[in-house]
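Data block below; observations after.
The values are calculated or read from the model by the stated rules, or taken from the named source; none is laboratory data. Given the structure is predicted, the values throughout are model-derived calculations rather than measurements. Cβ coordinates were reconstructed from backbone atoms using ideal geometry, including for glycine residues, and neighbour counts include every protein chain displayed.
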Ligand code: GLA
């Protein structure tokens, strides 16, 4: 039985009615970390692991949410002016409903059954996937056209749900790639203009994701603190560089010239962001040329910079990268996502994938005393309705 049909059956057992099915993928990021909220460049790929939602419209304005992952049901009233976050999984779908309405997109009440297959808290954007799948479900069940929907607008609405309702000041990368992913491709995305270009991943290269099994808690402060550091850098630099709006607007040469304006920590944060932006552009060029060696070197530099300058890595991530670099067939390795635990992304020559997988799992388990999960996902397609018509029976 497919995931869609088993979810539809489960939905029927809870809600006694037919469902439409929607899904949205998680993501990995090949390079360009902590650059999105600096109006910079990123290069993520959607992964073949999804958040699935089965849903039906209601005649009232209630949102009845059931999470299979948390085995929990939550009800709220869209008509209530006092919808508040509760610091739980339901903040994401409820936040999306609130922000859709705030954007002028009228939403009906709905029953939603949510089943995520993306590991939670692993830096693979399970939260963006639940937001995007919810946006599709609520819009479609409320009669909006979801086929020709403005995906950039939906990405912003989902980001807003996370920023303003769930309290995490994330950038646009995760929601955007979940909405715009392309099979077999990474996206080179300009987070200021939202222009993007799909870049093919060579056929003989596999994306292998290694989960350290250490959970980060981005929302609990460090992530928002990094973002505030970047904003401070822009404020301080703008006394010498009027007109800059984000670190995206500052060159390495300008940063070096005005270094004395910045406290040491803020300088290091800015140095990471500005050099990471340059690495993304170089990495995209090298991938287009089929120069995987350069791409791999840039991934390594990105990891070092995140560890030493931006300080968002951790011992387990550093260990996983170090072990990857010792395996046969490794073309590049680095932490992926916000950091403080979670996963690494590895480009592996496909002839060695199985060997890589087995050996790194064994070596990590031995050194960290934790059993890692290793995923091999080919870049997946975009989010959307799985089939538009409810199937009865
Ligand atoms: C998290 C955020 C993204 C991005 C990354 C770091 O995944 O949700 O917006 O900032 O961290 O690159």
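In segment 163-188, what count of residues is obtained for those that are under 14 Å from residue 280 (Cβ atoms), in contact with a helix residue (DSSP H, G or I) (Cβ under 7 Å, 6 or more places away or on another chain) and within 11 Å of the ligand (Cβ to nearest atom)?
Applying the first criterion (under 14 Å from residue 280 (Cβ atoms)) to segment 163-188 yields 171, 173, 177, 186-188.
From what's left, in contact with a helix residue (DSSP H, G or I) (Cβ under 7 Å, 6 or more places away or on another chain): 171, 173, 187-188.
Going one step further and asking which of them are within 11 Å of the ligand (Cβ to nearest atom), we end up with 171, 173.
Going through segment 163-188 one residue at a time, the tally reaches 2.
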Show the residue pairs meeting these rules: Cβ distance below 7 Å; 6+ apart or different chains; first residue within segment 67-86 and more than 20 Å from residue 7 (Cβ to Cβ); second residue assigned to a loop (DSSP other than H, G, I, E, B).
76/83; 77/61; 78/61; 78/107; 78/109; 79/61; 85/167
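Consider residue 72 carefully, then state whether it is within 16 Å of the ligand (Cβ to nearest atom) and in contact with a strand residue (DSSP E or B) (Cβ under 9 Å, 6 or more places away or on another chain). Steps first, please.
Numbers: within 16 Å of the ligand (Cβ to nearest atom): no; in contact with a strand residue (DSSP E or B) (Cβ under 9 Å, 6 or more places away or on another chain): yes.
Against the criterion (within 16 Å of the ligand (Cβ to nearest atom) and in contact with a strand residue (DSSP E or B) (Cβ under 9 Å, 6 or more places away or on another chain)), residue 72 does not qualify.
Within segment 1-51, track down each residue that is in a strand (DSSP E or B), more than 16 Å from the ligand (Cβ to nearest atom) and crowded, with 22+ Cβ neighbours inside 10 Å.
Kept after step one, since they are in a strand (DSSP E or B), are these residues of segment 1-51: 20-29, 41-42, 44-51.
When the remaining residues are screened for being more than 16 Å from the ligand (Cβ to nearest atom), the result is 20-23, 48, 50.
Across segment 1-51, the qualifying residues are 20, 21, 22, 23, 50.
Which residue out of 147, 157, 244, 201 is more than 28 Å from residue 292 (Cα to Cα) and in contact with a strand residue (DSSP E or B) (Cβ under 9 Å, 6 or more places away or on another chain)?
Details: 157 fails: in contact with a strand residue (DSSP E or B) (Cβ under 9 Å, 6 or more places away or on another chain); 244 fails: in contact with a strand residue (DSSP E or B) (Cβ under 9 Å, 6 or more places away or on another chain); 201 fails: more than 28 Å from residue 292 (Cα to Cα).
Sole residue among the options that is more than 28 Å from residue 292 (Cα to Cα) and in contact with a strand residue (DSSP E or B) (Cβ under 9 Å, 6 or more places away or on another chain): 147.
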Selection count where residues are more than 14 Å from the ligand (Cβ to nearest atom), in a loop (DSSP other than H, G, I, E, B) and closer than 22 Å to residue 276 by Cα, scope segment 193-207
3
Away from the ligand (no atom under 15 Å from the Cβ), buried (at least 20 other Cβ atoms within 10 Å of the Cβ), in contact (Cβ under 8 Å) with a residue 60 or more places away in the chain and under 16 Å from the mean Cα position of the chain (by Cα): is that true of residue 210 in this structure?
yes
Which one of these is at pLDDT below 95, over 30 Å from residue 329 (Cβ atoms) and loosely packed, with under 14 Cβ neighbours inside 10 Å: 217, 193, 239?
217
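If you check residue 55 against the conditions, is it within 18 Å of residue 159 (Cβ to Cβ), crowded, with 24+ Cβ neighbours inside 10 Å, in contact with a helix residue (DSSP H, G or I) (Cβ under 7 Å, 6 or more places away or on another chain) and at pLDDT 95 or above?
Working: within 18 Å of residue 159 (Cβ to Cβ): no; crowded, with 24+ Cβ neighbours inside 10 Å: yes; in contact with a helix residue (DSSP H, G or I) (Cβ under 7 Å, 6 or more places away or on another chain): yes; at pLDDT 95 or above: yes.
No; evaluated as a whole, the condition is false for this residue.
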Filter segment 343-378 down to the residues that are assigned to a loop (DSSP other than H, G, I, E, B) and at pLDDT 95 or above, then identify the one that is farthest from residue 120 (Cα to Cα).
369
In segment 268-306, what count of residues is obtained for those that are buried (at least 20 other Cβ atoms within 10 Å of the Cβ) and in contact with a helix residue (DSSP H, G or I) (Cβ under 8 Å, 6 or more places away or on another chain)?
18
Residue hits (segment 137-156; surrounded by 15 or more Cβ atoms within 10 Å (Cβ to Cβ) and under 22 Å from residue 169 (Cα atoms)) are 151, 152, 154, 155, 156
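Any residue in segment 328-338 that is surrounded by fewer than 18 Cβ atoms within 10 Å (Cβ to Cβ), at negative phi and not in a helix (DSSP H, G or I)?
Let us first name the residues in segment 328-338 that are surrounded by fewer than 18 Cβ atoms within 10 Å (Cβ to Cβ), namely 328.
Restricting the remaining residues to those that are at negative phi gives 328.
Add one more test, that the residue is not in a helix (DSSP H, G or I), and what stays is 328.
Yes.
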Subset of segment 339-359, residues touching a strand residue (DSSP E or B) at 6+ places or on another chain (Cβ under 6 Å) and buried (at least 21 other Cβ atoms within 10 Å of the Cβ), comes to 343, 344, 345, 346, 347, 348, 356
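In segment 308-331, what residues are closer than 15 Å to residue 272 by Cα and touching a helix residue (DSSP H, G or I) at 6+ places or on another chain (Cβ under 6 Å)? Break it down stepwise before answering.
As a first pass, look at segment 308-331 and keep what is closer than 15 Å to residue 272 by Cα: 308-313.
Residues satisfying the conditions are 309, 310, 312, 313.
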Apart from one, (1) over 26 Å from the mean Cα position of the chain (by Cα); (2) closer than 26 Å to residue 143 by Cβ; (3) modelled with pLDDT under 95 all hold for residue 83; the odd one out is (1)
